[in-house]
């Protein structure tokens, strides 16, 4: 895959550590003010949040346009009935 942007070597290293991180270690971590997350944990958390935000945005967008289409069809049917019943 061709890289569009040059990636900082530090970011590349963190991403590799994230991919190697056991899921149990990440699942055991809880965000609190007592313990700071490691860069790897924070990267995984942010990646998961981003994926969830994108998924929810797509779902909301689909619902919006489905509703818009439904409302448009109802509106057109009302006008058809008004025009052709007159």
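The values are calculated or read from the model by the stated rules, or taken from the named source; none is laboratory data. Here the structure is a predicted model, which is why all the values come from computation and not from measurement. Positions of Cβ are backbone-derived with ideal geometry, glycine not excepted, and every protein chain shown enters the neighbour counts.
Pairing each residue of the stretch 65-83 that is at pLDDT below 95 with any residue that is exposed (fewer than 10 other Cβ atoms within 10 Å of the Cβ) and in a helix (DSSP H, G or I), provided the two are 6+ apart or on different chains, yields no C-beta distance under 8 Å. Counting only residues that are at pLDDT below 80 and in contact with a helix residue (DSSP H, G or I) (Cβ under 8 Å, 6 or more places away or on another chain), the stretch 26-49 holds 4 of them.
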